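Please read the structure below before turning to the comments.
Laboratory data are not the source of any read-out in this text; all were calculated from the coordinates shown. Since this is a predicted model, take the numbers as computed values, not measurements. Backbone-built Cβ (ideal geometry, glycine too); neighbour counts: all protein chains shown.
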């Protein structure tokens, strides 16, 4: 699957998306190479631990809230990492082209932190850390939909011994993805250990962020 968006303005250097991909992959490789005890300690210390984030017996400090951001760059396994990186690349470059690298980086970090916060609120008594940039990637997907509502996604479908190329409206594919998130949220923990509410929160944040940034985007595209 890939994104097709007409390019009608001069190109800008898009460094934020590759930087985020490299950061996620580098942190994951570092954790994989670490001893199991050290790896679990890092995940517990720098992941978003809901019970610790809202523990009234601990004095308020910046460190627990910083974990809303650091958790974005840690992933549980290769499948978790590859899925997030794939969607980040598919939607990130186009969104970054419209928003600009710095604004896109802000979208990723703030959207991911907000998603982790909502996820922690829904699991306030849990000591298992929330990790991964799924919420941040969901924010990117939401921003992409708001920025390019008429864009199409190119899909290659296997039909027996042949492959068929089709173009599908982005809003339709993303709408189906949102519907799945809602269904999984309704199914609850019985459908995997994914914090589905974080995906929905990130997606909503991304739409709002893109709409608020419409003026800056219009000025950037005219520049």
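Full extension of the chain segment joining residue 212 with residue 122 gains 29.7 nm, where the gain is 0.36 nm per residue of separation less the Cα-Cα distance. Here the Debye sum runs over all C-alpha atoms of region 65-124 as equal scatterers in vacuum, and log10 of I(q)/I(0) at q = 0.12, 0.14, 0.20 Å⁻¹ comes out as -0.34, -0.46, -0.88.
The modelled label-to-label distance between residue 51 and residue 23, using points 7 Å beyond Cα along the C-beta direction, is 2.9 nm.
One equal scatterer on each Cα of region 62-161, no solvent, Debye formula: the resulting log10 I(q)/I(0) at q = 0.15, 0.16, 0.19 Å⁻¹ is -0.67, -0.74, -0.95. Between residue 41 and residue 79, the contour length at 0.36 nm per residue exceeds the alpha carbon distance by 11.6 nm. Look at 197, 15 and count the other Cβ atoms within 10 Å of each Cβ; fewest to most, that gives 15, 197. Please grab the % of Cα pairs in region 107-156 that end up more than 15 Å from each other. For region 107-156, the fraction of Cα-Cα distances above 15 Å is 55 percent.
Here the residues 29, 133, ranked from fewest to most Cβ neighbours within 10 Å of their Cβ, fall in the order 29, 133.
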